[in-house]
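To keep things clear, I will list the structure first and then write my remarks on it.
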Amino acid sequence: MKEIGVRKVLGASIGHIIVILNTRFAIILLIALVIGSVASHFLANGLMDSIWKYHVSPGVITFAASAFILVTVTSLTIGFKIYNAARMNPVSTLRTE
């Protein structure tokens, strides 16, 4: 909140603040997405191998759909929170902290 207040006092627009703060979360999200997709592919195949003799492996579409849903929900949530924080009065934010 304090960082957003300082940026607003120095003249940053709401759009610029959203872009700056979303890039941090986007990088972390993409790293987690790659690691999680690879790990879940191996774990899902291992689980299915241990249960069934013949099974259909999860495809790329399954992981792409889950990645799309994850990125969409995360972007909307973080964007909404940052937008609400950027709309607040920076004087009251800096005064309380």
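No lab work stands behind these numbers, since they all come straight from the coordinates. Since we're looking at a predicted model, the values are computed, not measured. Backbone-built Cβ (ideal geometry, glycine too); neighbour counts: all protein chains shown.
The chymotrypsin sites (Phe, Trp or Tyr not before Pro) of the chain that meet both conditions, a loop assignment by DSSP and at most 12 other Cβ atoms within 10 Å of the site Cβ, are Trp52, Tyr54.
Computed from the C-beta positions of Ala39 and Ser75, the FRET efficiency with R₀ = 30 Å rounds to 0.85. Rounded to the nearest 20, the Cβ-based charge dipole of the chain about its Cα centre (Lys and Arg +1, Asp and Glu -1) stands at 400 debye.
Only one residue of Phe63, Val9, Leu76 has its Cα farthest out toward the positive end of the dipole of the stretch 2-96, where Lys and Arg carry +1 and Asp and Glu -1 on Cβ, and that residue is Val9. Here, the chain yields an orientationally averaged convex hull projection of 7.9 nm² when only Cα atoms define the hull.
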